[in-house]
Each structure stands twice: as structure tokens, then as C-alpha cells.
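For reference, the structure is listed below as C-alpha cells.
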Amino acid sequence: MNELLAQRVDALLINLPLSAQQAAQIQLQCGNKPALFLDVEGSAGVAQCQYQSASGARQAVDHLVALGHRQIGVLNGPERSASARARFAAWQQALAAHQLAPVCVLSGDWSAAAGYQAVMTLLPDRLPQALLVANDQMALGAMRALHQHGVKIPAEISLIGYDDTAESAWYQPPLTTVRQDLQQLGTVSVDRLLAQLAGETPPVEPLETELVLRETTAAPLQQTPDVAEIARQLQALARTLKRSS
């Protein structure tokens with residue numbers, strides 16, 4: 001930060017995962033120079049430009065519940081990230097609205113490798129019916145792990161990513177995801193920073209997310225009745241009835 005300020009920049013656009021306290025300290029370092037934060041706790045008293053997690057999380061959860069899913073897991077980003085914490089809180093709130101809670105909570109560092117490794121811990125027999133993933137890259141890794149074990153998407157598990165990166169439409173199958181228009185984020189954040197430079201007070205409203213439906217969600221697979229178990233239970237019942245007669 002000191003190196004940047006020493007270069008006599010006019011303003012700073014800061015895209016680092018920061019707590020409210022860390023952001024306040026950086027704002028103090030900046031003095032009168034405008035600063036805009038892109039990954040900070042929403043409660044921080046600093047200028048910021050971020051997407052609202054609640055609407056996208058609600059749409060994703062509502063979609064899964066409408067399909068019939070009740071066992072829904074979460075693959076979140078790193079705890080240090082304000083965006084990851086906001087998404088997790090939004091998912092929890094959206095699930096609670098349906099009297100549900102995550103059946104498993106995993107985390108990763110946003111990379112495809114982290115998504116792969118996290119889902120491998122659930123294979124072969126501890127998968128939820130559906131998985132909410134905090135970004136598309138981790139969803140890609142998760143899909144690789146599932147494909148490797150022969151798990152069919154979405155027939156055996158539904159998957160929803162987050163971000164709607166350009167590549168997500170080309171995953172196999174194409175990924176259902178929560179869209180954050182990163183081009184819009186760049187445009188709006190620069191406009192807000194320029195407004196600060198002009199002495200204006202920029203808007204503080206978060207940007208809106210949107211659920212993009214593709215091909216990784218479907219109704220949960222109906223479990224095939226265990227014929228042998230049913231026969232065993234009927235035989236036990238018959239013996240009980242015979243003894244009591």
C-alpha cells in the first residue's frame with residue numbers, strides 16, 4: 001500500500017479479501033485519496049462495489065427445493081474472503097427459509113483443484129442430492145471428481161456454481177450458475193471511483209446477481225426399492241403373525 005501511495009496515484013481500486021477493520025486501516029493510510037473496495041465485509045464503513053449474495057443464493061436454493069432436493073451441501077470459498085462468508089451466510093439463510101440446513105460444508109481456495117479435492121472426500125457414498133459451489137472453477141473440479149467416479153450429473157447429483165464465467169457454458173454438462181457480470185462490476189466500480197475523484201458521493205447499493213439455468217440441475221434420483229430388504233421384512237412379519245396365531 002505504501003509503495004502505491006508513493007507513486008502518487010490519484011485513487012485506489014482494492015480487490016483483496018478484507019475485514020471491516022482492515023479496510024478501515026487502509027482507508028486511513030489513503031488519507032484524502034479516494035479508495036474503492038471490491039471484497040470487503042458489507043458492514044465496513046468504506047466505499048465499496050460488490051454483488052449482493054442474498055438474491056442469487058435465494059434463487060439457487062429455491063430452484064433446487066422446487067426440483068425436490070432436500071439434502072443440499074455447500075462447497076464454499078476460503079474463510080478469509082468476505083465474498084465467501086457472504087455467500088455462505090446467504091445460502092444458510094435461504095435454506096433456513098425452507099426449514100433446511102446444509103448437510104455438508106466443504107471449503108476450498110477458489111481453484112478447480114480445491115473443488116476436485118473437496119468432492120473426493122465425499123466419494124463414493126457420502127454425496128448430497130445437490131451441491132452449491134461458491135465459484136465456477138471449484139465447480140469444474142467437483143465435476144471432474146464426479147465424472148471420474150462415474151457419478152452422472154444431473155441424474156445423480158445437481159450442481160450450481162457461482163460467477164457465470166465465460167467457460168461455464170462449455171463445461172460438460174453446461175453449468176447452472178449464479179451470474180455476476182464481471183464486466184459490469186469493472187465498469188460500475190470505475191464510475192464510482194471517478195465520482196469520488198470528482199467530489200461526489202457514489203451510490204452504495206450492491207449489484208444484483210441472477211441465476212442462469214443450464215444443464216447441471218434436475219429432480220433428485222428416485223431410490224430403487226430394495227427388494228431383498230422388503231422380502232426380509234415381509235418374512236419377519238409372517239413369522240411374527242404365525243407365532244401370535
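Points worth noting:
- Checklist (1) farther than 26 Å from Asp109 by Cα; (2) out of contact with any strand residue (DSSP E or B) (no Cβ under 7 Å at 6 or more places or on another chain) applied to Val151, failing item: (1)
- Residue match in segment 155-170 (condition: more than 22 Å from Ala84 (Cα to Cα), in contact with a helix residue (DSSP H, G or I) (Cβ under 9 Å, 6 or more places away or on another chain) and outside any helix (DSSP H, G or I)): yes
- Listed by position, the helices (runs of 4 or more DSSP H) contained in segment 1-97 that have at least 2 residues being β-branched (Val, Ile, Thr) and either assigned by TED's automatic domain parsing to the domain that holds Leu122 or over 24 Å from the mean Cα position of the chain (by Cα) (or both) are 53-67.
- Scanning segment 30-62 for residues that are surrounded by 14 or more Cβ atoms within 10 Å (Cβ to Cβ), of a type in the set (S, T, N, Q) and farther than 30 Å from Leu95 by Cα yields nothing.
- Filtering segment 91-113 to residues that are out of contact with any strand residue (DSSP E or B) (no Cβ under 8 Å at 6 or more places or on another chain) and surrounded by fewer than 22 Cβ atoms within 10 Å (Cβ to Cβ) leaves Gln92, Gln93, Ala96, Ala97, His98, Gln99, Ala101, Asp109, Trp110, Ser111, Ala112, Ala113.
- Across segment 157-168, not a single residue is classified as touching a Phe, Trp or Tyr at 6+ places or on another chain (Cβ under 8 Å), surrounded by fewer than 20 Cβ atoms within 10 Å (Cβ to Cβ) and not assigned by TED's automatic domain parsing to the domain that holds Asn32.
Listed here are the residues, each with its yes/no results for (1) within 30 Å of Val46 (Cβ to Cβ); (2) outside any loop (DSSP other than H, G, I, E, B); (3) in contact (Cβ under 8 Å) with a residue 60 or more places away in the chain.
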{"site": "Leu140", "(1), (2), (3)": "no, yes, no"}
{"site": "Lys152", "(1), (2), (3)": "no, no, no"}
{"site": "Leu185", "(1), (2), (3)": "yes, yes, yes"}
{"site": "Arg192", "(1), (2), (3)": "yes, yes, yes"}
{"site": "Ala195", "(1), (2), (3)": "yes, yes, no"}
{"site": "Thr201", "(1), (2), (3)": "yes, no, no"}
{"site": "Val204", "(1), (2), (3)": "yes, no, yes"}
{"site": "Ala218", "(1), (2), (3)": "no, no, yes"}
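The values are calculated or read from the model by the stated rules, or taken from the named source; none is laboratory data. These numbers come from a predicted model, not from an experiment. Note: ideal-geometry Cβ built from the backbone for every residue, glycine included; neighbour counts use all protein chains shown.
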